[in-house]
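The values are calculated or read from the model by the stated rules, or taken from the named source; none is laboratory data. Values in this document were obtained by computation on a predicted structure and should not be read as measured data. Neighbour counts are summed over all protein chains in view; Cβ atoms, including those assigned to glycine, are modelled from backbone coordinates with ideal geometry. To get the accessible areas, we keep the full protein, side chains included, count just its heavy atoms, and leave off ligands, DNA and RNA. Shrake-Rupley method; radii C 1.70, N 1.55, O 1.52, S 1.80 Å.
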Amino acid sequence: MDDEAVGDTFRTLMSTLMTFDYVVVFAYRGKERPLDLYSTFDAEDHVLFVTLYQAGPYLLDPFYHAARAPKPGVWRMRELAPDRFFSSEYYRTYYVQTGLAEEVGFFVPVSEQVTVVLSLMRREATGVFGAAEFALLRKAEPLVAALVRHHWAELDRRFDTALARTERGRRKSVHPPADGVWRHLNLTEREAAIIELVLQGHSSESIGLKLGISTGTVKVHRRNVYRKLGISSQTQLLSLYIKNLGH
């Protein structure tokens, strides 16, 4: 079965359990550009949910970070999101454009480095997944995981091929790779770590806990970064980040 057939099988299986508006399946490996394995979007929505997402915003996505952990199983977006995610600039300027009420994902590791995430999405008009529906998804998880591991077990080779193609293109480009934006902007490793967490939607308190430093130290670093970059808001920070992403 090719990607389309596997994706259609998953979609059909899920549709026997409940309603949803979209399906999208990504494979993640490290900070590399995710592989788009399957989706049900029309051309316009595909640009927002896939093309733009792959250009760099995936680095701020809670699903991406859960895939890297990894966290196998079925998860709601709100269970994985940082404490300030829904007030973050990433959420307000990118994620809110999706018009989603909720997104749930099956997280299936297929190798030491690769995790496949199969997302079911509902728009605001459809509403969130109820407790009984989510319980059904959890019951279906072993079957979904078996399907994924059987048909998508060799994704490392596809990542290697995509990475080689990207490296060839990058040698001709003035843009840095997506995970090298902060070096390009001359931030220190600590400053880059803090600002990435800010953009993901973590509060200063949450950042301090994750990095083992005080909240005051986090705030000092944030002020220093804003001064170094000549900006004064998270809106400008995200704009600068996206502008400097590799393509």
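Overview of results
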| read-out | value |
| --- | --- |
| Some residue of region 128-146 being in contact (Cβ under 8 Å) with a residue 40 or more places away in the chain and among the acidic types (D, E) | yes |
| Cβ-Cβ under 7 Å pairs, at least 6 apart or on other chains, region 72-98 side small (G, A, S), far side in a loop (DSSP other than H, G, I, E, B) and open to solvent by less than 30 Å² (accessible area, probe 1.4 Å) | A81/G201; S88/G201 |
| T115, sole failed condition from (1) surrounded by fewer than 21 Cβ atoms within 10 Å (Cβ to Cβ); (2) at pLDDT 85 or above; (3) polar (S, T, N, Q) | (1) |
| Region 51-88, residues that are open to solvent by 20 Å² or more (accessible area, probe 1.4 Å), out of contact with any Gly (no Cβ under 9 Å at 6 or more places or on another chain) and closer than 19 Å to Y241 by Cα | T51, L52, Q54, H65 |
| Per-region count, region 19-37, residues without any contact (Cβ under 8 Å) to a residue 60 or more places away in the chain and either surrounded by fewer than 19 Cβ atoms within 10 Å (Cβ to Cβ) or not in a loop (DSSP other than H, G, I, E, B) (or both) | 1 |
| Among the residues listed as K243, K219, K172, the single one being modelled with pLDDT of 85 or more and of a type in the set (D, E, K, R) | K219 |
